[in-house]
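Engineer: Sharing a structure with you now.
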Amino acid sequence: MSRRVVIAEDEAIIRLDLKEILLDEGYDVVGETGRGDEAVELVRIHTPDLVILDVKMPGADGLQAARDIRDLELKVAVLILTAFSQRSLIDEARDAGVAAYLVKPFQRLELIPAIDQAMARCEQEWAIDAEAQRAVDDGIVASVATAEDKLETRRVVDGAKGVLMERFNLSESDAFEFIQKTAMGNRARMVDVARQVLDGTLEP
C-alpha cells in the first residue's frame, strides 16, 4: 500500500515538482495547498502518512502548521522544507514535532531518503508511545508518569542508537529495531535494553 502524502508549499512550481517526484516514486498525493492553515485541515480530513510543509507560507508558517498537526494527535510524519539551516530553526522544528527537514533547493535524490528518515523516526516515536501505554494498561506505571517516562525512554534510546550506529556500523532504523526486538524477546522495556547497550553489557 502506497504512502499517502499532503504537500504544503506556496511556490507552485516547487509544489508541482514535489508532486511529480512523489507520484513517480509510487506515493499517493491526497492533498496539496500553498497555505499552512489549509495544510492542517487537509491532514485532518485525509489523515495521510506524511505531510511536507514549507517553512514560509501564508495562513500559518510551516512550524505553526506542524504544531497544529501535532495537536491533532494523528500518526502523521512531518517533513519541513526550508531555505535555511540555522541551528535555532532545527531545534524549533524538532520541538514542533518535525521528524526531518530538507534544505532548498534540494535534489530529487535527496527527497526520498529524507521522507524515509521522517517515517522511520516517527515509527520509533509511535513504538515508544505504544510501549508506554501498555505499561499504563498493565498497571506498571501511573498514567501521570507516562509523559516523563516517554521523554526518558527517548533520551536513553537515542543514546543507545548512537552507540550502536558508531560502534557496530548499524543504520538508525536497524539500531532501533535491535533495541525493540531485544526488549520484546526478553519481556523488557526498551529503556532497560538501551541502558544495557550504553553500559556495554549488551551487543548485537
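Engineer: Using the count of nearby Cβ atoms within 10 Å as a rough guide to exposure, how do R4, R108 rank from fewest to most?
Structural biologist: R108, R4
Engineer: Now a separate question. What distance in nm lies between label points placed 7 Å from Cα along the C-beta direction at R134 and N186?
Structural biologist: Simple spin-label model gives 1.5 nm for this pair.
Engineer: Now, a different point. Among L81, L23, L50, whose mean-square fluctuation peaks in a Gaussian network model of the chain (Cα, cutoff 10 Å)?
Structural biologist: L23
Engineer: According to a simple spin-label model (label point 7 Å from Cα along Cα-to-Cβ), what is the distance in nm between E110 and R195?
Structural biologist: Here the modelled spin labels are 4.1 nm apart.
Engineer: How do F84, F106 line up, fewest other C-beta atoms within 10 Å first?
Structural biologist: F84, F106
Engineer: Listed highest first by mean packing, meaning other Cβ atoms within 10 Å per residue, what order do 60-72, 10-22 come in?
Structural biologist: Ranking the peptides 60-72, 10-22 by packing returns 60-72, 10-22.
Engineer: Hey, another quick one. Grab the beta carbon distance between L23 and D71, set R0 = 30 Å, and tell me the FRET efficiency rounded to 0.05.
Structural biologist: That gives a FRET efficiency of 0.55.
Engineer: Where does helix 108-137 land angle-wise versus the long Cα axis of the chain, in degrees 0 to 90, nearest 10?
Structural biologist: 40
Engineer: How high is the FRET efficiency from E41 to D174, r the C-beta distance, R0 30 Å, rounded to 0.05?
Structural biologist: After rounding to 0.05, the efficiency reads 0.25.
Engineer: Can you report the principal axis dimensions of the chain using only the alpha carbons, biggest first, rounded to whole angstrom?
Structural biologist: Largest to smallest, the principal-axis extents are 53, 37, 37 Å.
Engineer: Put one equal scatterer on each alpha carbon of segment 58-130, apply the Debye formula with no solvent term, and list log10 I(q)/I(0) at q = 0.13, 0.17, 0.27 1/Å to two decimals.
Structural biologist: Listed by q, the Debye log ratios stand at -0.38, -0.65, -1.35.
Engineer: Could you state the angle between the C-alpha long axis of helix 12-24 and the longest principal axis of the C-alpha atoms of the chain, as a value from 0 to 90 degrees rounded to the nearest 10?
Structural biologist: Here the helix axis deviates by roughly 50 degrees.
Engineer: Now for a separate question. Take L16 and E203, extend 7 Å from each Cα along the Cα→Cβ direction, and tell me the distance between the two endpoints in nm.
Structural biologist: Each label point is offset 7 Å from its Cα along the Cβ direction, giving 5.6 nm.
Engineer: Next up: Which of rounded, prolate or oblate describes segment 1-116 when judged by the alpha-carbon gyration tensor and an a/c cut-off of 1.5?
Structural biologist: The shape class here is rounded.
Engineer: If you don't mind, another one. Under 10 Å, Cα contacts only: if you run a Gaussian network model on the chain, which one of D174, D54, D37 comes out with the highest mean-square fluctuation?
Structural biologist: Of D174, D54, D37, the most mobile in the Gaussian network model is D174.
Engineer: Let me ask something else. Quick one: order S2, S173 by neighbouring beta-carbon count within 10 Å, fewest to most.
Structural biologist: Ordered from fewest to most neighbouring Cβ atoms within 10 Å, S2, S173 come out as S2, S173.
Engineer: Now a separate question. Using the Karplus curve 6.51 cos²θ - 1.76 cosθ + 1.60 with θ = phi - 60°, what ³J(HN,Hα) values do you get for each residue of segment 30-39, in whole Hz, with x for Gly and Pro?
Structural biologist: With coefficients 6.51, -1.76 and 1.60, one gets 9, x, 8, 7, x, 10, x, 5, 5, 4 Hz.
Every number here is computed from the coordinates shown, using simple stated rules; none is lab data. Being a predicted model, the structure only gives us computed values, none of them experimental. Because the Cβ atoms are built from the backbone with ideal geometry, glycine has one as well, and the counts that use them run over all protein chains shown.
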